[in-house]
Amino acid sequence: MENKRRKNHENLEVVQEGFANGVAPGFPLSDKEKQKMIKKATAAYARFLEALKCDWQNDPNSMETPHRVAKAYVNDLWAGRYTAMSPITSFPSDGYDGVIIERNIPLTSMCSHHHQTIGGVVHIGYIAGTEGQVIGLSKLNRIVQYYSKRPQVQERLTNQIGQELKNILNTEDVAVIIDAKHLCVSSRGIKDESSATVTSFYSGAFNSPAKVAEFNNYIKQ
């Protein structure tokens, strides 16, 4: 069985184009378009700091802050809105039909409400599809990173990762759990530093209590 390269992103975005947790209009953006956006964002963030009565131009620690922030948003924090993920290569499973699990994938995202950090881990499980395909473990990290690098709602992020895996692997048998803390909860409002949010996506065989129990048992070890 030959290796296959799957196209990503097509029919997977469930958020209207231009919305914070969707892709930007004209996605994917060229390097020239990104540089133009960084320039505009730099000027806009400078005005934002001035509105907060911050004398950034005369503060040696803040003189470059508008440009730093704009560049960080475009190239890192919100990169999933502007830069396409390269196609994922899948490989023959050589007859393996058991559960494949990668647990504790690091997650750093940003809440779309207050633009504060969401930090935690992602656990992913799947069963090789009807064509017996698997993907490299690092590709699971890549999928998580792609969808997390934009302002997010944790529930939607969980679904986006699950749907992407179903598409790439051509299987319904996918499970995703995100366990994360939200800085907007710990640093503002209720200021609760101990709670965490857990969301799940179960599809296909993982809708059965036995498979859910097996998956949960492995990720807790």
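Shape analysis of segment 102-164 yields a ratio of the Cα radius of gyration to the Kirkwood radius, Rg/Rh, of 1.02. Contact order for the chain, expressed relative to its length and based on alpha carbon pairs under 8 Å spaced 6+ residues apart, stands at 20 percent. Here segment 31-82 is treated with +1 on each Lys and Arg Cβ and -1 on each Asp and Glu Cβ, and its dipole about the Cα centre works out to around 280 debye. What pairs from Lys139/Lys181; Lys166/Lys191; Lys34/Lys220; Lys39/Lys149 go past 32 Å between their alpha carbons? Result: Lys166/Lys191; Lys34/Lys220 exceed 32 Å. Each peptide among 66-79, 182-195, 156-169 gets the average number of other Cβ atoms lying within 10 Å of its residues, and from highest to lowest they stand as 156-169, 66-79, 182-195.
When Kirkwood radius over Cα pairs in Å is calculated for this entry, the matching label among [x] 19.1; [y] 17.1; [z] 20.0 is [x]. Computed from Cα atoms, the angle from the helix 31-51 axis to the main principal axis of the chain rounds to 50 degrees. Since only Ala128, Tyr73, His113 are under comparison, the one whose Cα sits farthest along the positive direction of the charge dipole of the chain, derived from C-beta charges on Lys, Arg, Asp and Glu, is Tyr73. Placing unit charges on the Cβ atoms only, positive for Lys and Arg and negative for Asp and Glu, gives the chain a dipole magnitude near 660 debye about its Cα centre.
For segment 99-216, what is the Kirkwood estimate of the hydrodynamic radius, computed as the reciprocal of the mean inverse distance between distinct Cα atoms, to one decimal in Å? Could the numbers behind the result be given before it?
Numbers: mean 1/r = 0.0684 Å⁻¹.
When all Cα pairs of segment 99-216 are included, the Kirkwood radius is 14.6 Å.
About its Cα centre, segment 152-221 has a charge dipole of approximately 180 debye under the convention of +1 per Lys or Arg Cβ and -1 per Asp or Glu Cβ, with nothing else charged.
Dividing the Cα radius of gyration of segment 7-92 by its Kirkwood radius returns 1.12 for Rg/Rh.
In segment 51-95, the C-alpha radius of gyration followed by the widest Cα-Cα span (Dmax) gives 19.8, 65 angstrom.
Read-outs throughout are calculated quantities, based only on the coordinates presented, and are distinct from any laboratory measurement. On a predicted model such as this, the values are computed, not experimentally measured, just so you know. Virtual Cβ from ideal backbone geometry, glycine too; neighbours counted across all protein chains shown.
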